[in-house]
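A short worksheet on the structure shown next.
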Amino acid sequence: MKYGKFLSKNGTIGVVAPSFGCSGYPYRDKYDNAVKKFKKEGFNINEVKHLFDLNIDNILKDDYKIKADELVKSYNDPNIDILWSVAGGEIECNTIDNIDFNSFKRNLLFS
């Protein structure tokens, strides 16, 4: 059996948005509050570039490829200890269609 690792102090949380972005109320407000608390506890935050500017109201087909690329890049980043997926899930199936699952190079959660 594999057991997950705990996030250590000064660990880095990679923030991704594989569904719609973290924009507008209540998502942005809740996100900002959570980030404030994580930073206060000594964790680092690494946000994808398009975390806030892609949202369900104006998403384009090309945006799903961007979301897929950002998810894979964050997953493979050796400086990120865990991934946090913010907001949504309603349209994530469109993002999944754009992921090359062979491109995942490491296992974040388990030792």
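The values are calculated or read from the model by the stated rules, or taken from the named source; none is laboratory data. Small disclaimer: the values here were computed from a predicted structure and weren't measured. Note that we place each Cβ from the backbone using ideal geometry, even for glycine, and neighbour counts take in every protein chain shown. All accessible areas refer to the heavy atoms of the entire protein, side chains included, with ligands and DNA or RNA removed. Shrake-Rupley method; radii C 1.70, N 1.55, O 1.52, S 1.80 Å.
The residue of region 41-56 that is farthest from ASN94 (Cα to Cα), among those that are open to solvent by less than 20 Å² (accessible area, probe 1.4 Å) and touching a helix residue (DSSP H, G or I) at 6+ places or on another chain (Cβ under 8 Å), is VAL48.
Per-residue answers, yes or no, for (1) of a type in the set (Val, Ile, Thr); (2) assigned to a loop (DSSP other than H, G, I, E, B):
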| position | (1), (2) |
| --- | --- |
| PHE6 | no, yes |
| SER19 | no, yes |
| CYS22 | no, yes |
| ASP29 | no, no |
| ALA34 | no, no |
| LYS39 | no, no |
| ILE45 | yes, no |
| PHE52 | no, yes |
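Taking the criterion of being at pLDDT 95 or above and open to solvent by 90 Å² or more (accessible area, probe 1.4 Å), the residues of region 21-40 that qualify are LYS36, LYS37, LYS39, LYS40. Note on region 8-17: residues that are open to solvent by less than 10 Å² (accessible area, probe 1.4 Å) and outside any loop (DSSP other than H, G, I, E, B) total 4. Could you list all residues from region 73-91 that are in a helix (DSSP H, G or I) and surrounded by fewer than 18 Cβ atoms within 10 Å (Cβ to Cβ)? Once the filter is applied, which keeps residues that are in a helix (DSSP H, G or I) and surrounded by fewer than 18 Cβ atoms within 10 Å (Cβ to Cβ), region 73-91 yields LYS73, ASN76.
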